Amino acid sequence: MALPPTLSQTAQAVAGGQRSATEVLDACIARIEATEARVNAFTSTRFEDARAQAARIDAWRARGEPLGPLAGVPFAVKNLFDIAGEVTLAGSKVNRGNPPATADAVLVQRLQDSGAVLVGSLNMDEYAYGFTTENSHYGPTHNPHRPGHVAGGSSGGSGAAVAAGQVPLTLGSDTNGSIRVPSSFCGVWGLKPTFGRLSRRGSYPFVASIDHLGPFADDLDGLALAYDALQGPDPRDPGCFATSVQAAAPSLSQGVQGLRVGLLGGYFVDHASAPAREVVARAAAALGASATVAWPDAAQARAAAFIVSASEGGALHLQRLRRQAADFEPLSVDRFISGALQPAAWYVRAQRFRRVYRDRVNALFRDWDVLIAPATPVPAPAIGTEWIEINGQRFPCRPSIGLLTQPISFAGCPVVAAPMWPEGTDGLPIGVQLIAAPWREDLALRAGWALAQAGVAHLKETRL
């Protein structure tokens, strides 16, 4: 199925008067209705509210009033973001009885303030604990490039909705890879910002000390445009450390000129299949990178990330587990219970290691501006897959999908996931991670722009 106009094309067309917000929305709704039965990306839609919002935008334009940079762009959000008047499910059955949210999440409101039109909520792994969005309560989300295969997780609905052309922009969360994995499997652009860059107020937590929020988009220019709209301090969120807006879109066209770009070796080669290594080689050639860089303590960081995630996740849900364990997702309930039972000493030791680890990682960026690594070790496996093979070794499928993302998010670095298309995968993509120093999202986005301009990173039509 051919893809619709991209995010940046849509914003330009509405701003220039070539298309109305209502026309854009009608096409978006038709696309959702034509594809959703095969994708299962959405858990709820709000088309009537969206039509009213689009009509307001068209009325403002008719009166000559200024429009926001995302005016008329449809978007949807992972169902852990609060939407006023709706229950925030966070992928769970347990949350259905909660009262509706009284206000929109900060990032949802910021996109709407920029003129974007909210059309619904998206499927996810329960409580964000998973890499596949094989949700037992709301059904699995299917990969638009090969239905029957996973879309990644935990933000699987967010990645699949963009890949299917249902919406050009979505929001997700990333603790251990939950933006980058769906971006890789679905072949879309994603951005995991620096830890603490964007407000998390109004989102359902998973691991407070690692959770990141960020956007998915169908083109790199649009990703940067959305990221800039999401930025800003939030004094009411103690986990938001940003003090100002540092716009990235204006510098995109500089590309990698003057940037020192390297390739991550060792762990990131050992745990990458041949197709994953292939896309890294293509990205490196396009960005002029040849030197191999050693990322410190990657395996230990992944182990520590598991400990922290299990401990904080288990503690967060302890009372629910005591009362309603049978209502939890079968694929994650055991991990939540085991996390709640972990010794406190393990958690303390993991967090102490993290402080040292971040210093070692940050030291890399004295010599490098952007580092390249695969986003997933393999392309999207079939739904229900229990084991995968990487370079002749057998690994449990679901936890191993995050082999290459967990060490990066544990350090808090910003990452752009770029969609790429290796040979020998029957049309399934694998993304690359473009990693920059904390607070330098602009450099990762510039590298992504260079890959897009070179024609090696882009979306493709789906099989829907």
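The values are calculated or read from the model by the stated rules, or taken from the named source; none is laboratory data. All values reported here derive from a predicted model rather than from experimental measurement. As a convention, Cβ positions derive from the backbone with ideal geometry for all residues, glycine included, and neighbour counts pool all protein chains shown. These accessible areas exclude ligands, DNA and RNA; they are computed on the full protein's heavy atoms, side chains included. Shrake-Rupley method; radii C 1.70, N 1.55, O 1.52, S 1.80 Å.
Each residue of segment 220-231 was assigned a 3J(HN,Hα) from its phi angle through the Karplus expression (A = 6.51, B = -1.76, C = 1.60, θ = phi - 60°), giving 5, 4, x, 4, 5, 4, 5, 4, 4, 5, 7, 6 Hz with x at Gly and Pro.
Rounded to the nearest 20, the Cβ-based charge dipole of the chain about its Cα centre (Lys and Arg +1, Asp and Glu -1) stands at 880 debye.
When the Cα atoms of segment 150-197 are aligned to their principal axes, the ranges along those axes come out at 30, 20, 13 Å in descending order. On the basis of the beta-carbon distance and an R0 of 30 Å, Gln351 and Ala294 show a calculated FRET efficiency of 0.80. Ordering Ala325, Ala284, Thr132 by Cα displacement along the dipole of the chain toward the positive end leaves Ala325 in first place; charges were set at the Cβ atoms of Lys, Arg (+1) and Asp, Glu (-1). Shape analysis of segment 207-307 based on the Cα gyration tensor places the equivalent ellipsoid semi-axes at 28, 23, 13 Å, largest first. Projecting label points 7 angstrom from Cα along Cα→Cβ for Glu423 and Gln12 puts them 3.3 nm apart. Along segment 368-373 the Karplus relation, 6.51 cos²θ - 1.76 cosθ + 1.60 evaluated at θ = phi - 60°, assigns HN-Hα couplings of 9, 9, 9, 10, 10, 8 Hz to successive residues, with x for each Gly and Pro.
Taking all Cα-Cα distances within the chain, those exceeding 41 Å account for 10%. Shown in residue order for segment 312-329 are the 3J(HN,Hα) couplings computed by the Karplus curve 6.51 cos²θ - 1.76 cosθ + 1.60 at θ = phi - 60°: 5, x, x, 5, 4, 9, 4, 5, 5, 4, 5, 9, 9, 4, 5, 8, 7, 4 Hz (x for Gly and Pro).
Could you tell me how far the Cα centroid of segment 347-391 sits from the Cα centroid of segment 10-43, in Å? If we compute the Cα centre of each part, the gap is 35 Å.
Within a straight-line Cα-Cα reach of under 12 Å, Lys93 can be paired with the following aspartates and glutamates, leaving aside sequence neighbours fewer than 8 residues apart in one chain: Asp125, Glu126, Asp327, Glu329. Rounded, prolate or oblate: which fits segment 336-400 when a ≥ b ≥ c are the square roots of the eigenvalues of the alpha-carbon gyration tensor, with rounded for a/c under 1.5 and prolate only if a/b beats b/c? The shape class here is oblate. Counting protein heavy atoms only, the chain has 53 percent of its accessible area on carbon and sulfur, 1.4 angstrom probe. Semi-axes of the equivalent ellipsoid of segment 68-138 are 24, 14, 8 Å, computed as sqrt(5λ) over the eigenvalues of the C-alpha gyration tensor in descending order. Of the residues Val87, Pro438, Leu118, the one whose Cα sits farthest toward the positive end of the charge dipole of the chain, with +1 on the Cβ of Lys and Arg and -1 on the Cβ of Asp and Glu, is Pro438.
The share of Cα pairs per 10 Å bin across segment 261-390, counted from zero up to the longest distance, runs 11, 28, 30, 23, 8, 1 percent. The residues of the chain have, on average, 35 Å² of accessible surface per residue, using a 1.4 Å probe with all protein chains present. Listed by chain and number, the lysines whose alpha-carbon sits under 30 Å from that of Lys460, ignoring those within fewer than 8 places in the same chain, are Lys78, Lys192. The Rg/Rh ratio for segment 22-135, using Cα coordinates for both the radius of gyration and the Kirkwood hydrodynamic radius, is 1.00.
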